[in-house]
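Notes for the one structure printed next.
The values are calculated or read from the model by the stated rules, or taken from the named source; none is laboratory data. Computed from a predicted structure; not experimentally measured. Positions of Cβ are generated from backbone atoms using ideal geometry, with glycine treated the same way; all protein chains shown enter the neighbour counts.
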Amino acid sequence: MGERKVLNKYFPPDFDPKLIPRRRMPKNKQIEVRMMLPFSIQCNACGEFMYQGKKFNSRKEDVLDEDYFGIRIYRFYIRCSMCSNEITFKTDPKNGDYATEHGCKRNFEPWRERAADEKEAVKAREEEEKGDSMKALENRTLDSKREMDIIDALDEIKAINQRHAKVDTDALLQKVKQTDDGDTKKDILDEAEIQSQMEAFRKRKLEAVETTKPAKQPKPDDNTLGTSTATNLLAPLKPSIKVKFKPTTAKPKTTNKPSKATPTPAAPVALVGSYSDSDSS
């Protein structure tokens, strides 16, 4: 039975490795590499945005006749996920970053612009100081003054931190508690004073209202009511007064009324006609 895992290969006795032709590798060989986008880009063909961290099956190759102090520079080929346009970018060892090369445009990143501005300012200052020694001296004095200001600020911060480290937190909390208690007592006294003022104002208002009201008649008690009823019962009855009217004689009124005429009886109507035997009628 043969070996399941073939770990050794058979070499015949007449095998000569010199007779095997050497395989020539291409000068700029491309290797399939699975990688992620190092920055966000936009495709120049269709405008599709591809963001940092998107995975691609890329082809990697060495950039010929280009290096940075002996450090190799690599180029990567990818395709747009929307239109399959070929996009290339390469490494940038000078800035420790990647640089777009063809088929895409890198999105705006504010920190890159800030770093570029700082580099340009340093370069402009160096060019300015090349032919003017007085300007270089002024710049150095300004730098030293700025450094002294920074050192003074740091010393002040250190002193503040040391002072805070020496402070007893328990004593500080006790002091804060005492101030809070004093504030609460003061608030309570103020509230009591306000309430007393309100009570005095209410009393003065009630007194003013009572003085302006008219005097009320006293209500009769039960004893006074009993004596008054007894006196009324014992008092003699007064005679009732009767008014007499004089009789008046009324004269008869004469009215000229027309006399009614006696109606004359109407002649009776013959209801039955006379009968005769003659033909003349």
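Here are a few things to note about the model shown:
- Qualifying residue in segment 106-122 (condition: within 24 Å of Cys43 (Cα to Cα), hydrophobic (A, V, I, L, M, F, W, C) and modelled with pLDDT of 90 or more): no
- Qualifying residue in segment 39-55 (condition: in the same structural domain as Gly103 (by TED's automatic domain parsing), part of a strand (DSSP E or B) and free of Cβ contacts under 8 Å to residues at least 24 places away in the same chain): yes
- Meets criteria (exposed (fewer than 14 other Cβ atoms within 10 Å of the Cβ), closer than 30 Å to Lys119 by Cβ and of a type in the set (Val, Ile, Thr)) for Ile41: no
- Qualifying residue in segment 19-38 (condition: out of contact with any His (no Cβ under 6 Å at 6 or more places or on another chain), under 28 Å from Lys119 (Cα atoms) and not assigned by TED's automatic domain parsing to the domain that holds Lys119): yes
- Taken together, the residues in segment 56-71 that are surrounded by 10 or more Cβ atoms within 10 Å (Cβ to Cβ) and among the aromatic types (Phe, Trp, Tyr) amount to 2.
- Scanning segment 72-118 for residues that are surrounded by fewer than 15 Cβ atoms within 10 Å (Cβ to Cβ) and among the aliphatic types (A, V, I, L, M) yields Met82, Ala99, Ala115, Ala116.
- Each residue in segment 83-99 was checked for being within 21 Å of Glu32 (Cα to Cα) and assigned to a loop (DSSP other than H, G, I, E, B), and 3 of them qualify.
- Restricting segment 123-140 to residues that are surrounded by 10 or more Cβ atoms within 10 Å (Cβ to Cβ) and of a type outside the set (D, E, K, R), the residue that is nearest to Phe39 (Cα to Cα) is Ala124.
- Restricting segment 103-132 to residues that are among the hydrophobic types (A, V, I, L, M, F, W, C) and part of a helix (DSSP H, G or I), the residue that is farthest from Gln52 (Cα to Cα): Ala124
Per-residue answers, yes or no, for (1) assigned to a strand (DSSP E or B); (2) closer than 18 Å to Arg34 by Cα; (3) of a type in the set (Asp, Glu):
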site: Lys60; (1), (2), (3): yes, yes, no
site: Asp65; (1), (2), (3): yes, no, yes
site: Glu101; (1), (2), (3): yes, no, yes
site: Leu142; (1), (2), (3): no, no, no
site: Asp152; (1), (2), (3): no, no, yes
